[in-house]
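The structure appears below as structure tokens.
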Amino acid sequence: MLASLTDAPLQDPQFVYEPKYDGIRAIAEVSRDQVRLWSRLGNEKTDQFPEIAAALTAWARTRRDAVVLDGEIVALDGHGEPTGFQQLQGRIHLTEGGGGGVAYVVFDVLRIGRDDLRDRPLTERRQALERLFAKGQTSMLRISAQVAGDARAMYKEALAHGWEGLIAKQAASLYKSGKRTPDWRKLKIVREQEFVVGGWTEPRHTRSYFGALLLGVYDGDRLVYAGHTGTGFNEKELARVSKLLKPLETAACPFTPKPKTNERPHWAKPELVAQIKFTEWTADGKLRHPVYLGLRDDKRPADVTREDRPRVPGSGFGTADSDLIEQLNAIERSRHDGVLTLPDGATLKVGNLHKIFWPKQRLTKGDLFRYYVRVAPFLLPAVADRPLVMKRYPNGVDAKPFYQHRVETPPGGIRTEVVSVVEQRPQIIGGSLLALLYTTQLAAISQDPWCSRVQHPQFADYVALDLDPADDVPFAKVLDVARWIRDELDALGAVGVPKTSGASGLHVYIPLPKQTPYDAGLLFCQIIATVVAHKHPKAATVERSVRARGRRTYIDFMQNVLGKTLATAYSARASAYAGVSAPVSWTEIDEGIDREDFTITTMPARLEQVGDLWAALRSSKGVDLGRVARYTEAPHRAQHATRRGGG
């Protein structure tokens, strides 16, 4: 099972987090009679790492059943800690063991005896793994570190120790052999990936063998030049790589288009793959400060494509934002269609960026694009893995919109899933920058996700109370209703996370326990809403009829139904003031806020100041639904009072 380069939050009760070990991925088949190590391409590695095979053999003698394990072969530093792939370079081309210390870090178990565990949740497999190695761990045979729900401390450790990154895994994920899936996600910290070697240059001065390797990545069937590196070699490695390159020399340039080089090039058949560390991709798609780490024999050249580090939620804004915004500015100035190149190399055709979407502020479709580029690191975790419903405004907020659920032929790279059993319609699944900008191109001003994820659409992760005031109700009165809801939640030991709606109202979200059906969440919200309306009948109501509401705030609990949506946190809205659905603190609600302070022009600066307030929803423990039982009498009293009043 392989991980995808898809954004993941650092706080989410649905995820567990592990270090991303920088070595050779290996499946171990272990029995009393035999141990065999296999790379992900099916190459046997047993003879290259005999000490690991010996450690597994010794461990197997303490067991009755054969097992199949998944893990990473890593090099060890002088302190016995896993270090970078470069330290394995001396071992990867050997046919017999030798060289520095290594370890096998195990992070999954796929089979125990005849019991195939791949169709069980990761949490169950992890428990089985920990039982297997309760007494069997050594310096050479160990299980991976893992934390559940909150990886902030692990992320800081990764930064401090120069780890390659983290792996975020859905705690409920099944093991899908050979599949690359967003159930497992890479959070890279150091930019490092494989590149195809397409040639070399003549050496300068006293340098021997060659000057630099010419590197590329595949885009479809084209090998695209990505830059060159002559850094990271010692004399021995220069000689070894040169010996491998010479037989591959060819007159034909493998790159399309043919690149210009500083020194005379020698082209090579693209058969070697090198691991390269670098600081960033430049705007023209070249590597900055690349450093050679070693050659790999466990990667196919044809599988090497451009990667880019996913943005870590809460990490702020960076050069990738600036590059995209410069592209958007140029396209908007041209008043013609153009093509955006995203940080991961994906492209998206966009147009009509000069079109006015908010007439009062003279804000354009281009302004909406720029807003979403800036806030994407914060917004994408809120919609990750969630089906989206689009409400499209092709002619701006003053014109009539229309809804779109079905998406038949989105551009390549847009994730879609069939989530409606009845209608069998594919819907866009949120979580990627490409999907966010594609829906923006379709003039979907807001991002409207389901309350559940595509992995378990029948179970809601949270519920929401939508506070919708009548036209002449001051926003200060809406804040009163929000405080009363908070009081009821406090009495139940529950957490409420508030945000403005971006229009006239306010939302209060409540996290739910895992595997909570929509109906249970709906009932919980109905009880809370009815209790508040019963206690404060002059200011709040649960009456659905607009005529019956009067000058009160309607507490809408009916949004918590399968397939219903609300605008997510940080979503732009089609309100006259270009509002944003902005997470706020309860302190701000107590002190009083103006909903029109949160707009697509002010929100990026606020995020720099306060960070991701919406992370509280992902990290909060789900409400104990059983504690609401003592409130069940209140709805009956409220309903009785309503009937008595002729409602």
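Structural remarks
- Strands (runs of 3 or more DSSP E) lying entirely in the stretch 406-512 (those with 2 or more residues that are surrounded by 19 or more Cβ atoms within 10 Å (Cβ to Cβ)): 426-428, 459-469, 497-500
- Residue match in the stretch 61-75 (condition: under 30 Å from Asp612 (Cα atoms) and either in contact with a Lys or Arg (Cβ under 8 Å, 6 or more places away or on another chain) or of a type in the set (Gly, Ala, Ser) (or both)): no
- Being out of contact with any Lys or Arg (no Cβ under 6 Å at 6 or more places or on another chain), free of Cβ contacts under 8 Å to residues at least 24 places away in the same chain, farther than 21 Å from Glu81 by Cβ and surrounded by fewer than 16 Cβ atoms within 10 Å (Cβ to Cβ) holds for only one residue in Ala153, Ala134, and it is Ala134.
- The stretch 386-402, residues that are assigned to a strand (DSSP E or B) and closer than 17 Å to Ala572 by Cβ: Leu388, Val389, Met390, Lys391, Arg392
- Look at (1) surrounded by fewer than 22 Cβ atoms within 10 Å (Cβ to Cβ); (2) in a helix (DSSP H, G or I); (3) touching a Gly at 6+ places or on another chain (Cβ under 8 Å) and you find that Asp519 fails only one, number (3).
- Positions within the stretch 492-518 being polar (S, T, N, Q) and touching a residue at least 60 places away in the same chain (Cβ under 8 Å), in sequence order: Thr500, Ser501, Ser504, Thr516
- Which listed residue is at pLDDT below 90 and within 18 Å of the chain's Cα centre (by Cα), from Glu408, Glu417: Glu417
- Flag for Ala252 being farther than 30 Å from Asp385 by Cβ, free of Cβ contacts under 8 Å to residues at least 24 places away in the same chain and touching a Phe, Trp or Tyr at 6+ places or on another chain (Cβ under 9 Å): yes
- The residues listed here are Pro9, Pro13, Pro50; of these, the one that is within 30 Å of Ala460 (Cα to Cα) and surrounded by fewer than 21 Cβ atoms within 10 Å (Cβ to Cβ) is Pro13.
- Among the conditions (1) farther than 30 Å from Ala520 by Cα; (2) part of a helix (DSSP H, G or I), Leu380 misses just one, which is (1).
- Residue that is surrounded by the most Cβ atoms within 10 Å (Cβ to Cβ), among those in the stretch 188-208 that are part of a loop (DSSP other than H, G, I, E, B) and in contact with a strand residue (DSSP E or B) (Cβ under 8 Å, 6 or more places away or on another chain): Arg191
- When each of Ala252, Ala274, Ala330 is tested for being over 27 Å from Pro9 (Cα atoms), surrounded by fewer than 17 Cβ atoms within 10 Å (Cβ to Cβ) and modelled with pLDDT of 90 or more, the lone residue that passes is Ala252.
- Among the residues of the stretch 590-599, those that are in contact (Cβ under 8 Å) with a residue 12 or more places away in the chain and over 16 Å from Val473 (Cβ atoms) comprise Asp590, Phe598, Thr599.
- Screening Val373 on (1) of a type in the set (Val, Ile, Thr); (2) touching a strand residue (DSSP E or B) at 6+ places or on another chain (Cβ under 7 Å); (3) within 29 Å of Val304 (Cα to Cα) shows it passes everything except condition (2).
- Checklist (1) in contact (Cβ under 8 Å) with a residue 60 or more places away in the chain; (2) of a type in the set (Gly, Ala, Ser); (3) surrounded by fewer than 18 Cβ atoms within 10 Å (Cβ to Cβ) applied to Ser545, failing item: (1)
- Residue within the stretch 164-178 that is at pLDDT 85 or above and surrounded by fewer than 14 Cβ atoms within 10 Å (Cβ to Cβ) present: yes
- Among residues of the stretch 219-245 being in contact with a strand residue (DSSP E or B) (Cβ under 9 Å, 6 or more places away or on another chain) and surrounded by fewer than 18 Cβ atoms within 10 Å (Cβ to Cβ), the one that is farthest from Gly285 (Cα to Cα) is Arg240.
- Helices (runs of 4 or more DSSP H) completely within the stretch 571-620 that count 3 or more residues being surrounded by 16 or more Cβ atoms within 10 Å (Cβ to Cβ): 603-610, 615-619
The values are calculated or read from the model by the stated rules, or taken from the named source; none is laboratory data. Predicted model only: the values in this text are computed from it and were never measured. All Cβ positions, even for glycine, are placed from backbone atoms using ideal geometry, and neighbour counts span all protein chains on display.
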